[in-house]
Amino acid sequence: MGAPLSAELSSAVEFPDVTVLGIETTCDETSVGIVRAGRRLLANVVASQTDLHRRFGGVVPEVAARAHVDLLEPVIREALDRAGMTLSDVDAVAVASGPGLAGALVVGVSAAKALGVALDVPVVAVNHLEGHIFAVFLEFLDFAPPAVALIVSGGHTMLVEISSMGNYRLLGQTLDDAVGEAFDKVARLLGYGFPGGPPIDRAAKKGDPETLRLPRPMIDQCYDFSMSGLKTAVVTALDDLARRGVTVKREDVAASFQEATVDVQVEKLVRAARDTGAPSVLVCGGVAANSRLRERLERRCEEEGLRLYMPSPSLCTDNGAMIASAGAHVLLRSGPSPEDFVADPSLKAPLVASVSAAGQ
Ligand code: KG4
Ligand code: ZN
């Protein structure tokens, strides 16, 4: 593992000495983080809406957007309180402007712009996926490119070569379901709640991963992922067992499914590092909170001589602090975003925010 962040903040990747308030409203977490000089975490408040969406078995976009409207102001206040600051201490506002749910993004972008005008400070648009990468700077002083990042979340699965911060090459991505989405779908199948990653993670600890023989889709080929076939294989295996009158514990199914996804993620990440010659690997996004993935990566990276960087689980799932850290760097390399930038629900590669105005 990389060295933890110490009080001394000089490092290989430089950030401007500004206090950034970061807003995250891309999906179902309303979050605000306050970060100084890109690395020093002063506050990170996350209001999760999972209770609101659970009864629908997934995130309902309209419900999410309304909840962001209700929650964002109190979350901003709470973040300032925890940081012991007032709005006048904020030097810049960063906001995740996409990819994400259109209505949810508009709430964050509108709030960021309003704050920018009211405080007379710059506003920077941040690509949510680049934000996930920047979570590493909140905990590790020595992380520096070149590196390969595995970004695994509910909506995205990507292998990215980082040659410098802001300079990314997409090596591969999912051709169908994201890894987190596969966790959520298999969890629903097994009768676990939403989101599905945490209950599967817990259940798998009590299960036998050898119970179901599941495929490891495209494990030795390319850098792309295919997760929907794996989910279908779980369904087929369960149908087959039921037909033969064999019952299996759902913990065993959870463990078998989780092990297959972990095998694929670990192998592809290690192969990408080997092929690109990157000495470091980074794993981020909600699925990077998975305990089995973390355990297996630690072991494998040690064997391979790779430096492994894994933000703490609370910084892997969506949060405003990672947006604030990325915002500081975007401010340094590109300056403030144009006043008329808009929310951008679709992904733009490379992982930098699109700042085109409406209609362009
Ligand atoms: O990054 P994130 O918070 O939101 C998106 O940008 O999508 O990721 C959410 C995803 C969900 O699919 C959730 O089930 C998954 O991350 N997740 C996990 C774990 N914790 C969250 N998956 C596996 N194991 C976990 N412990
Ligand atoms: Zn995310």
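At q = 0.14, 0.35 Å⁻¹, what is the base-10 log of I(q)/I(0) for segment 189-229 according to the Debye formula with one equal point scatterer per Cα and no solvent? Please give it to two decimals.
Log10 I(q)/I(0), no solvent term: -0.47, -1.10.
When a footprinting reagent is the concern and you count Cβ atoms within 10 Å, what order do Ser48, Ser163, Ser153 take, fewest first?
Ser163, Ser48, Ser153
Quote the relative contact order of segment 103-262 in percent (integer), defining contacts as alpha-carbon pairs under 8 Å separated by 6+ residues.
Relative contact order comes out at 19 percent.
Percent relative contact order of segment 197-255, based on C-alpha pairs within less than 8 angstrom and at least six residues apart?
After rounding, I find 61 percent.
Classify segment 135-197: rounded, prolate or oblate, from the alpha-carbon gyration tensor (a ≥ b ≥ c, eigenvalue square roots; a/c under 1.5 rounded; otherwise prolate if a/b is larger than b/c)?
Here segment 135-197 falls in the oblate category.
D for the chain, whole µm²/s, Stokes-Einstein with Kirkwood Rh over alpha-carbon pairs at 20 °C and 1.002 mPa s: what number?
Answer from the Stokes-Einstein relation: 104 µm²/s.
Highest mean first, what order results for 232-244, 28-40, 317-329, 126-138 on Cβ atoms within 10 Å?
Working: 232-244: 13.3, 28-40: 25.2, 317-329: 30.7, 126-138: 28.5.
So the peptides 232-244, 28-40, 317-329, 126-138, ranked by packing, come out 317-329, 126-138, 28-40, 232-244.
Pick out the long, greasy-scoring helices in the chain: whole DSSP H runs spanning 27 Å or more along their own axis by Cα, mean Kyte-Doolittle at least -1.0.
Qualifying helices: 61-83, 250-276.
Net charge around Tyr192, counting only other residues with Cβ within less than 12 Å of its Cβ (Lys, Arg = +1; Asp, Glu = -1)?
Charge balance in the 12 Å sphere: +2.
For the chain, what is the calculated [θ] at 222 nm in deg cm²/dmol (nearest 500), taking -39500 (n - 2.57) for each run of four or more DSSP H residues and dividing by its residue count?
-13000 deg cm²/dmol
Determine the shape class of segment 194-319: with a ≥ b ≥ c the square roots of the Cα gyration tensor eigenvalues, call it rounded for a/c under 1.5, and otherwise prolate if a/b is greater than b/c, oblate otherwise.
Prolate shape, in that a/c is at least 1.5 and a/b is the bigger ratio.
Between Gly103, Leu87, Leu331, whose Cα lies farthest towards the positive end of the dipole of the chain when Lys and Arg beta carbons carry +1 and Asp and Glu beta carbons carry -1, centred on the Cα centre?
Gly103
Provide the percentage of antiparallel DSSP beta bridges, counting only those with both residues in the chain; round to the nearest 5.
That works out to approximately 60 percent antiparallel.
For segment 78-219, what is the percent of antiparallel DSSP beta bridges, rounded to the nearest 5?
On the way: 12 of 17 bridges.
So the antiparallel bridges in segment 78-219 amount to around 70 percent.
Assign one of three labels to segment 39-173, namely rounded, prolate or oblate, based on the Cα gyration tensor with a ≥ b ≥ c the square roots of its eigenvalues; rounded applies when a/c is under 1.5, prolate when it is not and a/b is larger than b/c, and oblate otherwise.
Oblate, because a/c is 1.5 or more while a/b does not exceed b/c.
Can you work out the FRET efficiency for the pair Ser314 and Asp70, with r the C-beta to C-beta distance and R0 = 25 Å, to the nearest 0.05?
Efficiency at R0 = 25 Å is approximately 0.65.
Each reported figure results from applying straightforward, stated rules to the coordinates on display, with no laboratory input. Keep in mind it's a predicted model, so treat the numbers as computed, not measured. Backbone-built Cβ (ideal geometry, glycine too); neighbour counts: all protein chains shown.
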